[in-house]
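Visitor: Sharing a structure here in structure tokens format.
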Amino acid sequence: MVSAKDGGNGRRPKKGKANRIRSILGVGYWVQGFRCFPWMAVNFFLKDSVKVDPSTLQILQNSANLPMVGKPIYGIVSDAVYISGQHRVPYIAIGAFLQAVSWLVITIFSQSNISIFTMSLYLLLSNLGASIAEVANDAIVAEMGKSKKSQSASSGELQSFVWMVSSVGGVLGNLLGGIAIDRFWPQSMFLFFGLLLVLQFLITISVPERSLNLPKSPSNVGIRKQLSELLAALRKPEIAYSITWFATSYAIIPVLTGTMFFYQTQYLKIDASVLGISKVFGQAAMLLWGVIYNRSLKSVQPRKLIAAIQVTMAVFMISDVLFAKGIYQHLGVPDSVYVVVFSGVLEVLFFFKILPFSILMAQLCPPGCEGSLMAFVMSAVALAFIVSGYLGVALASYVGVTGNDFSGFPLGLLIQAVCTLLPLFWSSWIPNDVKSKTRTE
């Protein structure tokens, strides 16, 4: 006899658990997207208060991402080490706690003359917490993507949901950041985000993991076993080649983000609110991309879709060359309009590939190592971005760009566009017919 509590058919409890999963993931990914709010303040704080040059700013930006490279370790620990019988929710809480501590301490220390070294240490701690939380969140998404119900209903639906939630957080973070940077001290923005993380921590610890009804993992057998399963997954050619291409497609591009930030704010005198609106426009484009992909592009072969995104990135970079040469300004297009539309979209184009690629990895991932494999993927991407940033610093030095001299900037942007096209020559490393391969295995 089925009790009334079960709703007569068991549907209501399942729906409630699904809602709880979306709730905890929604909060986690929203905060993850909102991280751009304090980081906008960090950029202006380092430029205006600490007086760093473009290359130093870019080095600091990329070095702060070093904890992201350790994601495979966090993923293995999350998969194998249970805390009070739980192995996802506690790590989300730990990540939120570390971030809250770092931003609150930065708030206090930055009131006086904080050194670049001290600032870097706490930014590293913040990104360590963020990476731990992201690993646990990504593992939940991967586990749900591997369940039979998810595959039979609508593959990639949960991935698209968290993608869109993160984009909404990014939209609000950039919009509020662009407004707040002109009205409040950076320390106030650091404090606000720190308190937001305290709230996320409290919400997370109030949700028992058993209430989420996550798929049972067969890999609760220790770190050594989990590591061996990860290595076995990475030996699969379709996984190894895909990850190698994906990481290389980022690492090979010498990005000039720090130089572009100085060019827009120092040389063109673009207002901070315009930069905020630009990032909002980009986040809105990312949100729209999640909707379009979920509705129309899930059936497109991953190789074709990812290659098309790579080409689009190169086209936008060539457009930046024309922008730096002042051609758009001569055509009557204000610099602020270009920054809002084109610069905003190009900034998020780098991340468009992650959505189809994460779904590809979820389909190829063997059961039991979802957390560690997805963490390895994001670790490879993080390392690729760091390498890309360091190459950008070298490129800026090669073309002679400084905080006051941007004459070589168009050449640097052109070299960047050419490098973006290079990975297309070995795009065959990405499998096309994923479903048939999965069925064969």
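The values are calculated or read from the model by the stated rules, or taken from the named source; none is laboratory data. No experiment lies behind these values; they were computed from the predicted model shown. Cβ sites come from the backbone with ideal geometry, for glycine too, and all protein chains shown count toward neighbours. Each accessible area value is taken on the protein alone, full model and side chains, heavy atoms only, with ligands, DNA and RNA left out. Shrake-Rupley method; radii C 1.70, N 1.55, O 1.52, S 1.80 Å.
To keep it simple, each residue is scored yes or no on (1) in the same structural domain as Ala233 (by the TED database); (2) modelled with pLDDT of 90 or more; (3) out of contact with any helix residue (DSSP H, G or I) (no Cβ under 6 Å at 6 or more places or on another chain).
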residue	(1), (2), (3)
Ser388	yes, yes, no
Leu391	yes, yes, yes
Asn404	yes, no, yes
Gly412	yes, yes, no
Phe425	yes, yes, yes
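Visitor: Just a yes or no: is a residue in the range 20-28 at pLDDT below 90, in a loop (DSSP other than H, G, I, E, B), out of contact with any strand residue (DSSP E or B) (no Cβ under 9 Å at 6 or more places or on another chain) and open to solvent by less than 20 Å² (accessible area, probe 1.4 Å)?
Guide: no
Visitor: If the Cβ limit is 8 Å and pairs must be 6+ apart or interchain, which residue in the range 228-251 that is more than 29 Å from Cys419 (Cβ to Cβ) pairs with which residue that is open to solvent by 50 Å² or more (accessible area, probe 1.4 Å) and in a helix (DSSP H, G or I)?
Guide: Final answer for the pair search is Leu230/Phe376.
Visitor: Which one of these is in the same structural domain as Asn127 (by the TED database) and within 15 Å of Ile140 (Cβ to Cβ): Gly70, Gly33, Gly85, Gly95?
Guide: On the way: Gly70 fails: within 15 Å of Ile140 (Cβ to Cβ); Gly33 fails: within 15 Å of Ile140 (Cβ to Cβ); Gly85 fails: within 15 Å of Ile140 (Cβ to Cβ).
Of the residues listed, the single one that is in the same structural domain as Asn127 (by the TED database) and within 15 Å of Ile140 (Cβ to Cβ) is Gly95.
Visitor: A further question on this structure: With the structure loaded, tell me whether Ser372 is polar (S, T, N, Q), modelled with pLDDT of 85 or more and either within 30 Å of Leu234 (Cβ to Cβ) or open to solvent by 20 Å² or more (accessible area, probe 1.4 Å) (or both) or whether it fails that test.
Guide: Working: polar (S, T, N, Q): yes; modelled with pLDDT of 85 or more: no; either within 30 Å of Leu234 (Cβ to Cβ) or open to solvent by 20 Å² or more (accessible area, probe 1.4 Å) (or both): yes.
Taking the combined requirement at face value, the residue does not satisfy it.
Visitor: So, one more: Looking at Leu57, Leu104, which one is of a type in the set (A, V, I, L, M), crowded, with 20+ Cβ neighbours inside 10 Å and closer than 23 Å to Pro186 by Cβ?
Guide: On the way: Leu104 fails: crowded, with 20+ Cβ neighbours inside 10 Å.
Step by step, each of Leu57, Leu104 is checked, and only Leu57 is of a type in the set (A, V, I, L, M), crowded, with 20+ Cβ neighbours inside 10 Å and closer than 23 Å to Pro186 by Cβ.
Visitor: Still on this structure, I have one more. Out of the helices (runs of 4 or more DSSP H) lying entirely within the range 322-420, which hold 2 or more residues that are without any contact (Cβ under 8 Å) to a residue 40 or more places away in the chain? Don't jump to the end; show me each part of the working.
Guide: On the way: elements: 327-330, 335-338, 344-352, 354-364, 370-398.
Ranges flagged: 327-330, 335-338.
Visitor: Just a yes or no: is a residue in the range 283-298 at pLDDT 85 or above, under 30 Å from Asp48 (Cβ atoms) and surrounded by 15 or more Cβ atoms within 10 Å (Cβ to Cβ)?
Guide: The answer is yes, given that some residue of the range 283-298 is at pLDDT 85 or above, under 30 Å from Asp48 (Cβ atoms) and surrounded by 15 or more Cβ atoms within 10 Å (Cβ to Cβ).
Visitor: If you don't mind, another one. Could you please give the count of residues in the range 86-113 that are closer than 19 Å to Phe193 by Cα and at pLDDT below 85?
Guide: 3
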